[in-house]
Amino acid sequence: MLNPNPSHVCSRQEALEHMNKNLEIFEQQATEAAKQGAQIIVFPEDGIQGFNFTRESIQGYVECIPDPKLVTWSPCLHPQRFPNTEVLHRLSCMARYNRMYLVANMPDQQECNHSEPHCPPDGRYVFNTDVVFRDDGTLIAKYHKQNLYFEAAFNTPPEYEHVTFDTPFAGKFGIFTCFDILFYEPTITLIEKYKVKQIIYPTAWMNQLPLLSAIQIQQSFATAFGLNILAANILRIDLNMTGSGIYTPSHSVYHYNTDTEEGRLLVTKVPVLTNSGGGSFKSNVCEVSNVQPHTQSSFFVKRDRECSGHSIPSLESAQAPSSTFHAIMMYDNYTFVPVVETQGDLTVCDGYFCCRVTYQRTSPTSELYSLGAFNGLHTVHGIYYLEVCALVKCANSSWESCGEGVAEAESSLDFHLQGNFTTPYIFPQILASEMRLATADSTGWDRGSYIMSKKGMSVGLVTAALYGRVYERDHTLV
């Protein structure tokens, strides 16, 4: 239950009454998960207190969470050690009584000295915070969210935090929150430097089709990095917030509900991943350099070396598109080429960046599809640089509707999608009709292009995309 009036300044007692209603639901879910043999449970971002607070109105909800690296403490066993920590006490007892690791999200307030360069004017940081409890109730980790998303009540941590914790059943876990998933820090550093293969991911994600629904980004992240991700999203249908799952590199168990406000407990067995396979990034990344602007619709990439993989036609020989058009998708101006024939081979470019698809429709329908390319700085609701190839179903019979969000499709297509990406950080995604995820038959690098193939889909295709993040260009001038 979210706070119906988050801007209202309430007392600590009023805040506790509100939070305890949500914590009662947490307790029920933890008990049920324990009965099913769960060893760790993850609750969503903002699931205890809600969101859209002001700096003043969140005061009744905050607790001063001690640093687990400096203090060993079980709030369940020693509730009076630190004052005003009622929420920590209940979470700790949930973990202890159910003998499971527990992760939740809550506000953390820490005083600071005005002599510190980042200390807020009121002398206190308020952080969006994930807390982790061991199965005996001991607080073992906390993480302060780095990349805030319109969260006026919270401060950005003055330094990047790379938080991990160890478990006896799956080794080391890493943790980050919601919008963090789109940025280099702390996410990529956590995976590449700290070699984490199990990720905890509390989120309050607002779905945005056709490229960034919660389950799309969650699955594609697990696929791209070859890791496990335990993702818990808040459920608020009127705000388009839904979609949680447990993902491995090859299998997904997820829930996407837009019918009722009732959540669902997901419990499944997950294989423990290790770093014995080598590098942290799943794909065997080619070193790509000296990308040249295209002339008409042809281009070339000078490769430092060739990558092994399936033999595929090179983009240099791709057929030039007969026509292109522009449409807005996800607030960005994409260049599209229409997909009109029963089968075809199409290329579309945005500057030096080009995308190609070879396809065959396996079911005849009148639905419109298009292939889009975008290479540039996204500047709405966040600033980050993208290279994206996307085969999308258009919303209606107008080409201008390509890029609008749709969730249903009848057309099934076999496709081979590729792009001459300059970044190794590419997240493959296939979204089928009625918000169902599909797994690609193959992904990876071949002759300087990143490819994704799929055949034999039994349901309609909504989106097939290669979502590339060029982190080093996030601060490019618009």
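The values are calculated or read from the model by the stated rules, or taken from the named source; none is laboratory data. In this text the structure is predicted, and so the values were computed from the model without any measurement. As a convention, Cβ positions derive from the backbone with ideal geometry for all residues, glycine included, and neighbour counts pool all protein chains shown. Each accessible area value is taken on the protein alone, full model and side chains, heavy atoms only, with ligands, DNA and RNA left out. Shrake-Rupley method; radii C 1.70, N 1.55, O 1.52, S 1.80 Å.
Which of the residues belonging to segment 184-204 are in a helix (DSSP H, G or I) and within 11 Å of the chain's Cα centre (by Cα)?
Restricting attention to segment 184-204, the residues satisfying the condition of being in a helix (DSSP H, G or I) are 184-192.
Of everything in segment 184-204, just one residue is in a helix (DSSP H, G or I) and within 11 Å of the chain's Cα centre (by Cα), namely Thr187.
Determine whether segment 84-102 contains at least one residue that is of a type in the set (Lys, Arg) and in contact with a Gly (Cβ under 7 Å, 6 or more places away or on another chain). Yes, that holds for at least one residue. Gln39 meets the stated requirement of being open to solvent by 70 Å² or more (accessible area, probe 1.4 Å) and either free of Cβ contacts under 8 Å to residues at least 40 places away in the same chain or of a type outside the set (D, E, K, R) (or both).
Each residue in segment 418-475 was checked for being over 20 Å from Gln360 (Cβ atoms), basic (Lys, Arg) and without any contact (Cβ under 8 Å) to a residue 60 or more places away in the chain, and 1 pass.
The set of residues in segment 20-62 being touching a helix residue (DSSP H, G or I) at 6+ places or on another chain (Cβ under 6 Å), within 23 Å of Phe150 (Cβ to Cβ) and either outside any loop (DSSP other than H, G, I, E, B) or of a type in the set (Ser, Thr, Tyr) (or both) consists of Gly60, Tyr61.
Counting only residues that are out of contact with any Ser or Thr (no Cβ under 9 Å at 6 or more places or on another chain) and either of a type outside the set (Ser, Thr, Tyr) or in contact (Cβ under 8 Å) with a residue 60 or more places away in the chain (or both), segment 242-270 holds 6 of them.
Checking the structure you have, find out if any residue of segment 186-195 is within 20 Å of Leu230 (Cβ to Cβ), open to solvent by 50 Å² or more (accessible area, probe 1.4 Å) and either of a type in the set (Ser, Thr, Tyr) or touching a helix residue (DSSP H, G or I) at 6+ places or on another chain (Cβ under 6 Å) (or both). So far as segment 186-195 goes, yes, one or more of its residues are within 20 Å of Leu230 (Cβ to Cβ), open to solvent by 50 Å² or more (accessible area, probe 1.4 Å) and either of a type in the set (Ser, Thr, Tyr) or touching a helix residue (DSSP H, G or I) at 6+ places or on another chain (Cβ under 6 Å) (or both). Within segment 216-256, being open to solvent by 20 Å² or more (accessible area, probe 1.4 Å), farther than 18 Å from Gly47 by Cβ and touching a helix residue (DSSP H, G or I) at 6+ places or on another chain (Cβ under 7 Å) holds for Pro249, Ser252.
Taking first residues from segment 1-26 that are among the β-branched types (Val, Ile, Thr) and partners that are open to solvent by 90 Å² or more (accessible area, probe 1.4 Å), the Cβ contacts under 9 Å between residues at least 6 apart in sequence or on separate chains come to Val9/Glu56; Ile25/Met1. Hey, any hits in segment 220-228 for a residue that's touching a Phe, Trp or Tyr at 6+ places or on another chain (Cβ under 6 Å), closer than 26 Å to Ala38 by Cα and assigned to a loop (DSSP other than H, G, I, E, B)? No, segment 220-228 contains no residue that is touching a Phe, Trp or Tyr at 6+ places or on another chain (Cβ under 6 Å), closer than 26 Å to Ala38 by Cα and assigned to a loop (DSSP other than H, G, I, E, B).
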